[in-house]
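Report on one structure; see the data block that follows.
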Amino acid sequence: MEEKRHIISVLLENESGALSRVAGLFSARGYNIETLTVAPTDDETLSRMTIVTVGSESVVEQITKQLNKLIEVVKVLNLAQRSHIERELMLVKVRATGELRDEVKRLAEIFRGRIIDVTESIYIIELTGEGSKLDAFIDTLKVTEILELVRSGVSGIARGDSSLSISNRISKNS
Amino acid sequence: MELTGADILVRCLKDEGVKYIFGYPGGAALHIYDALYRQDDVRHILVRHEQGASHAADGYARVTGEPGVVLVTSGPGVTNTITGIATAYMDSIPMVIISGQVPTHLIGDDAFQEVDALGVSRPCVKHNFLVRDVKDLATTIKKAFFIANSGKPGPVVVDVPKDVTANKTEYWYPESVAMRSYNPTIRGHTGQIKKAAKLLLSAKRPIIYTGGGVTTAGGEKELRQLVRRLDYPCTNTLMGLGCYPANDPLFIGMLGMHGTYEANMAMHDCDVMLAVGARFDDRITGDLTKFAPYAKIIHVDIDPASIGKNVGVEIPIVGDAKHVLSDLLKAIEKLDIEPNFEALKAWWNQINSWRSIDCLSYDRQSDKIKPQYVLEKLYEITSGDAFVTSDVGQHQMWAAQFYRFDEPRRWVNSGGLGTMGFGLPAAMGVRLAYPESDVVCVTGEASIIMCIQELSTCKQYDLPIKIINLNNRYMGMVRQWQEFFYDRRYSHSYMDALPNFVDLAKSFGHDGVLVENPADVEDALRETMARKDDLVFMDFITDPTENVFPMIAAGSGHNEMHLSPKAESKDAAPQERELA
Ligand SMILES: Cc1cc2nc3c(=O)[nH]c(=O)nc-3n(C[C@H](O)[C@H](O)[C@H](O)COP(=O)(O)OP(=O)(O)OC[C@H]3O[C@@H](n4cnc5c(N)ncnc54)[C@H](O)[C@@H]3O)c2cc1C
Ligand SMILES: Cc1ncc(C[n+]2csc(CCOP(=O)(O)OP(=O)(O)O)c2C)c(N)n1
Ligand SMILES: [Mg+2]
């Protein structure tokens, strides 16, 4: 079956063991994780996680079902199945000396990056966008030397009305 | 009044209705043990190894449907339970395991007997908790029981640091718990059920394949009604035995690797399959590309992840087996369509001709004890009423084939993990749950050694289990594979230097009998089963060359079974059939 990139959003209880349960699930069942980001939401009892994975439809279906089975997971949404926005943050430290200083600045501007730290020989550039844009920027930076690079991994959100938040689905045992 | 965490814990168990806990003390659990000492409501059974505690609790759970409860100390105490936890997890058995932990301020310090209990158990639990504050203790215990025994059941570990068991708070046990993130689906989708009813009634070669989920749901009554209403053949997995009575003519035996010829052939040829509470395990399906090539499949399971995992299905229904079966029956009545009687008649003729091969036949003239014979006699002598536990190996398969279970929760074995050592401790749990009933542990000389220490527990608590050791001096199941697939290179499957089991049993304060001749089997069984108050270890010296048949080799299809030499002679070599 055809392997495709999927971006899965997970809303889960903001509890200490939850992240390791998700990571453990992926490693135990042999699913791959390309990126994983997680942070608390506006409701501090909940965390929002975005996972990028590659797999066939049936594998990704299993992934969403298995994620849903985790007790701390409240909701799961496969963003690849709907119109969505994804963004990634990159911080990159590059050599910027001599005439390269202007060249690198110009490139950063083209990509709508911001130079957020400057020394005599170094820039730190901040850039957000889709992964492919970050890749392209890294490519153009070949004119100089990349000293350090850090990417956040993807965060995603569905467009329009559909939102991944809790309705009042409360389960009770009798 | 404020109580200590330890007292709260024990009160919670009492208020949860727990009658027995299976455990073993140690440093981090000593406050809890002290609390146990000061009460009579919850009875503690002291095992001889924590693995035994976990299997005993599991056995208790399997026959009662209530969560089995384990109490152990930190470190080695909890790691010793992991095999038992994984066993329960694979078979969806509800358990609550309470483990002591080092005090909160020492967690992460490599403290004495510290092990990350949540970490080591995570891959084989339904959920686990670390209780950091005594104020959370009661609610956590309530949640643990709720999670363990709802939806698809499973084991839940609650790790309790020692200081939490010493700290005090007001005791209050919640009546119920609410969890926004956990909400199992019970009722099946009405539209899907209606579609399923139509498809079922349109079948020409139907089969109803059910598993452990029907037992869990308590859906045996509804299953029987449905099968009889439709007159369709029914097969059960190893885990589902007893849900449909083995002695009923519509039952075509267990399916899968060591299932009957008729069940596997019918699975292969069917055009409509209703699967209920069964998970299309690889011991059932064999080679997936050859699995049920003509079938449209309806799959009922409480776990959405179980549906479509291994096999594509036509009509998925998420829900509890009992509810869905009962709704399905109603949907069938409403439709007012009759099954295709003519096609059904031809289908039953076909099934009966497969049946006539008599795939479980074995040599009855042998001068060696045939294991099948022992189990047949055991079945007769106990009138099919005993609770039977087993270990893992050939003896397990023979027990499944030859003890004809007519009721669920009578057959107790480790199917998913296949844990040798399970049988004896599980039998202890069963006997405690049913102190008036016959409890038999069918085992092999290799398996029984793995938890033999529990004979001592049986002595302490007067548990008169009957142990049927089918002693073939081999790890028979391993030897069988080596005979078939490794050119008879019997690498390390031979049991050299076995103990004298009769003496061994005696040294634990029990009795034992050695049975070496086929002619003695029946009397020995009769005499032993009549000894209601004694644990008796019956050591049957069986034919070491006997193999389990039928057998589907891994990677083969259902229509590619190996038959016993006896049945082979009757096999009208599978003919080509026209199927659509
Ligand atoms: C040596 C050996 C040989 C074996 N050979 C065979 C063999 O020949 N044949 C065979 O059948 N097995 C065999 N097994 C066992 C096999 O490995 C599996 O354990 C077994 O087939 C699984 O049974 P099951 O499908 O009924 O699933 P179970 O493990 O019993 O799972 C139950 C299913 O029901 C679902 N469920 C739970 N509760 C409910 C509910 N309330 N409502 C609806 N669904 C629910 C669960 O989600 C799950 O999908 C063998 C094991 C060993 C060790
Ligand atoms: C703990 C454990 N280790 C290894 C195995 C692999 N195994 C499956 S059956 C078997 C042999 C069992 O021998 P015995 O108990 O004598 O039963 P028999 O097959 O001879 O009836 C082994 C080693 C297992 N299932 N469990
Ligand atoms: Mg053996």
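The values are calculated or read from the model by the stated rules, or taken from the named source; none is laboratory data. Small disclaimer: the values here were computed from a predicted structure and weren't measured. Cβ: placed from backbone, ideal geometry, glycine included. Neighbour counts: every protein chain shown.
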task = Out of B:S447, B:S437, B:S456, report the one residue that is surrounded by 24 or more Cβ atoms within 10 Å (Cβ to Cβ) and touching a residue at least 24 places away in the same chain (Cβ under 8 Å).
result = B:S447
key: Residue check for B:M477: at pLDDT 95 or above, away from chain A (no Cβ under 14 Å), near ligand 2 (Cβ under 10 Å from one of its atoms) and touching a helix residue (DSSP H, G or I) at 6+ places or on another chain (Cβ under 9 Å)   = yes
query = Quick one: how many residues across segment B:459-473 are within 16 Å of ligand 3 (Cβ to nearest atom) and crowded, with 24+ Cβ neighbours inside 10 Å?
reply = 6
note = If we ask which residues in segment B:314-325 are away from every other protein chain (no Cβ under 12 Å) and closer than 18 Å to B:I207 by Cα, their number turns out to be 6
inquiry  = Looking at the structure I just gave you, is B:V430 more than 11 Å from ligand 1 (Cβ to nearest atom) and assigned to a strand (DSSP E or B)?
reply    = no
Helices (runs of 4 or more DSSP H) contained entirely in segment B:454-565, each with at least 3 residues that are over 24 Å from B:G259 (Cα atoms) and either within 16 Å of ligand 1 (Cβ to nearest atom) or touching a Gly at 6+ places or on another chain (Cβ under 9 Å) (or both) = B:454-460, B:501-507
ask   = Can you find a residue in segment B:169-180 that is more than 28 Å from the chain's Cα centre (by Cα), within 14 Å of another protein chain (Cβ to nearest Cβ), within 20 Å of B:V318 (Cα to Cα) and polar (S, T, N, Q)?
value = no
message = Residue under question is B:A400, and the condition is that it be of a type in the set (G, A, S), within 16 Å of ligand 2 (Cβ to nearest atom) and assigned by TED's automatic domain parsing to the domain that holds B:V442; does it hold?
response = yes
note = Listed by first then second residue, the pairs whose first member lies in segment B:466-489 and is not assigned by TED's automatic domain parsing to the domain that holds B:D391, whose partner is outside any strand (DSSP E or B) and within 8 Å of ligand 2 (Cβ to nearest atom), with beta carbons under 7 Å and at least 6 positions apart or on separate chains, are none
ask   = Just one of A:A28, A:A23, A:A80, A:A39 is small (G, A, S), closer than 30 Å to B:N310 by Cα and more than 14 Å from every other protein chain (Cβ to nearest Cβ); which is it?
value = A:A80
remark   = Considering only strands (runs of 3 or more DSSP E) wholly within segment A:45-156, the ones with at least 1 residues that are in contact with a Ser or Thr (Cβ under 7 Å, 6 or more places away or on another chain) are A:46-55, A:73-78, A:84-95
task = Out of B:P304, B:P339, B:P293, report the one residue that is in contact with a helix residue (DSSP H, G or I) (Cβ under 6 Å, 6 or more places away or on another chain), more than 14 Å from chain A (Cβ to nearest Cβ) and surrounded by fewer than 23 Cβ atoms within 10 Å (Cβ to Cβ).
result = B:P339
message = On the basis of being in contact with a Gly (Cβ under 8 Å, 6 or more places away or on another chain), within 16 Å of ligand 1 (Cβ to nearest atom) and touching a residue at least 24 places away in the same chain (Cβ under 8 Å), does B:P371 make the cut?
response = no
query = Residue check, A:T53 against (1) in contact with a helix residue (DSSP H, G or I) (Cβ under 9 Å, 6 or more places away or on another chain); (2) away from chain B (no Cβ under 14 Å); (3) surrounded by fewer than 18 Cβ atoms within 10 Å (Cβ to Cβ), all met but one. Which one?
reply = (3)
query = Does B:F485 satisfy the criteria of being out of contact with any helix residue (DSSP H, G or I) (no Cβ under 9 Å at 6 or more places or on another chain) and of a type in the set (F, W, Y)?
reply = yes
Lone qualifier among B:K142, B:K195 - being surrounded by 19 or more Cβ atoms within 10 Å (Cβ to Cβ) and away from ligand 3 (no atom under 16 Å from the Cβ) = B:K142
